[in-house]
Amino acid sequence: MRISERKLSLFLKRHHLILVSFLLALYSLHLALTYQKDVPRGYIVRQTLSAIVTPLERLILGTSSTVTGAWSHYVFLIGLNDENAELKKQVESLRSENDRLKEDVALNLRLRELFNYREAVPWHSTAAGIVAYDGGLWARTVTINKGASDGMVKDLAVISPEGVMGRVIEPGASTSTVLLAIDVRSDIDVFVERTRIKGVAEGNGADGLALKYIMLDDDVRVGDRILTSGITGIFPKGLVVGEISKIEKSKDNFFKTIEVRPAMRLSTLEEVSVVTDTGFYSRD
Amino acid sequence: MIKEILAFIPIALVFMAFKSTLFSVIPLPDIPLLMVFYLAFRRPSVEGAAFAFVLGYMDDVLCGGIIGSTSFAYIVVFMLVHLAGQRLHFTTAFTRSGGAAIAVVLKGALVYAVVSSAGMHVRIFVDVLMQAILTGICAHKAIVLMSRLSARVVTSSFKGDIS
C-alpha cells in the first residue's frame, strides 16, 4: 500500500463518522431543497411509517376521546340529575308565577278600562265578575258575583265598555243571574244611530240580535250602529247594542228582516258593570 | 449499539404520535433531539448518525415538515455535539441542560434556514425558544433514563451472549 493510500485509509478511519454524517446531511439538504419540485421519493418509507404510526395515533385519539367522553358523560354529570330535577321544579314554579302575573296584568287592564268607563258615564254603577255561563239551547245567561246583599235588584242594566250586556233577572243573596241581550227572552228598545229610526232589538238565541219593526222604506244600512233608546227605563240612552250586519226583505212585505251583530263579546268578557241607578226614561 | 437504537425507536414513535395528535399546538420537549444529543456525546457512531437521520425523517413525515429539513438539522446537531463532546464532558445536569437547549436552538435555526431556502416563509422563533427551555429542563432527567435503558439493553444482550 502506498503512503498516500495509507494516509487516506487512516483519514477515513479517523473521520468516518464525520464523513458519513456530512454525506447524510447533504442528502437531507438535497431532500429538503427539492421538496417542492414534484420529485416522487420516499414513498415506501412514508407509507411504512404511516402504517406503523397511524394505529398508534388512532389509539391515542381514541383513548383521549374515551377519557374526555367519560369525563363529560359520567364524572361531570354526577349530581346533574338532582340539579336537573331541581331546575325543572324551578321552571314549573316560575312558569306558574309568570302565568299568574300575566293574568294579573290582564285583569288590571280590564279593571282599569272598566273603571275609566264608570268614571266617564253620568250614572252610578258597581263592578261585578262573571262566575258562570249558561249557554243552553236557547238561553243565554250569565251569573255574576254580586247579589241582593250588594244592592242587586231585578231589571238593573248590566253593561260593559263595549256596550249593552243584558239585565239582572234573578238577584240571589250573593250572586245574580243576568239575561244577556242575545237571549230570545230579551228585547231592548233601540234606535239607529245614523237615522234615529226606532225599533226593538231581540235576542235570536244564537249569539246574535234581530232588529224588529223597521219598515221597508226606512233608511237603514249594513254597518249602522244600534243604540239604546232609554224608553223602557232599564238602560240609559245611547249605549251601543250592536251593528247591523244583514238586511233582508221580509215575507210580509211590510217590515225588514235585520240581523244585528252584538257589541258585547261574551267569549272574552270577564268583568261587567251593573248600573245601580234606575228610571232612565228618554226625554225624546 | 443497534439494540440501543432499536429500543429508542418505539419511544420516538410514541412521542411523535402524541406530538402529531394531542400536543400538536402545545410545545413539548424535543425528545428525539435528546436521543440524538445522547448518542452523539455518549456513543458516537455511524449507526448513531444514521439514527439521527431516520429520526429527523420520521419527524418530517409524521409531523408534516419539509422532508429532509429536520433530518438535516439532526445530523448537523449530531456532528457538532460529537465534536463538542471531544472537548466538553456532558456529565452534569447544567451542561446537559445547556447543551440540549443550545442544540434545540441550533436545530430551529437550521430548519429555519432550510425552510427559508426552500422558498417558504415561517415564523418559528418563539416556538423554538419555548421548546429549548422545555428541552433544557427535561434534558438531564431524560438522559439519565436513556442511560438506564441503554444499560439494561446492553446488560441483557451481554447475558444473552453468555448463555
State the three equivalent ellipsoid semi-axes of region A:124-277, derived from the C-alpha gyration tensor as the square roots of 5 times its eigenvalues, in descending order and whole Å. 28, 15, 12
Given R₀ = 41 Å, what would the calculated FRET efficiency be for A:T276 paired with A:K246, taking r from the Cβ atoms and rounding to 0.05? 0.70
Per the Kirkwood definition applied to all pairs of different Cα atoms, how many angstroms is the hydrodynamic radius of region A:163-251? 13.6 Å
Counting only chymotrypsin sites (Phe, Trp or Tyr not before Pro) that are in a DSSP loop and have at most 15 other C-beta atoms within 10 Å, tell me the longest site-free stretch of chain A. A:1-75
Taking 0.36 nm per residue of sequence separation and subtracting the Cα-Cα distance, how much length would be gained by fully extending the chain between A:L19 and A:Y133, in nm to one decimal? 30.2 nm
With point charges of +1 on the Cβ of Lys and Arg and -1 on the Cβ of Asp and Glu, referenced to the Cα centre of the protein assembly as shown, which listed residue (A:F115, A:V222, A:V190) lies farthest in the positive direction of the dipole? A:F115
With springs only between Cα atoms under 10 Å, which of A:I182, A:I214, A:I18 fluctuates most in a Gaussian network model of chain A? A:I18
So how strong a dipole does chain A carry about its Cα centre when Lys and Arg Cβ are +1 and Asp and Glu Cβ are -1, to the nearest 20 debye? 2920 debye
When the Cα atoms of chain A are enclosed in a convex hull and the volume is divided per residue, what value in Å³ results? 387 Å³
How far, in nm, would the chain grow between A:V153 and A:S267 when pulled straight, counting 0.36 nm per residue and subtracting the alpha carbon separation? 38.5 nm
What nm value, rounded to one decimal, do you get for the distance between B:A93 and B:F23 when each label is placed 7 Å out toward the C-beta? 2.0 nm
log₁₀ I(q)/I(0) of region B:41-94 at q = 0.19 Å⁻¹, via Debye over equal Cα point scatterers, no solvent, to two decimals? -0.66
As an exercise, identify the trypsin sites (Lys or Arg not before Pro) in region A:195-257 lying in DSSP coil whose Cβ has no more than 15 other Cβ atoms within 10 Å. A:R196, A:R221, A:K251
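Read-outs throughout are calculated quantities, based only on the coordinates presented, and are distinct from any laboratory measurement. Everything numeric here is computed off the predicted structure, so don't read it as measured data. Cβ: placed from backbone, ideal geometry, glycine included. Neighbour counts: every protein chain shown.
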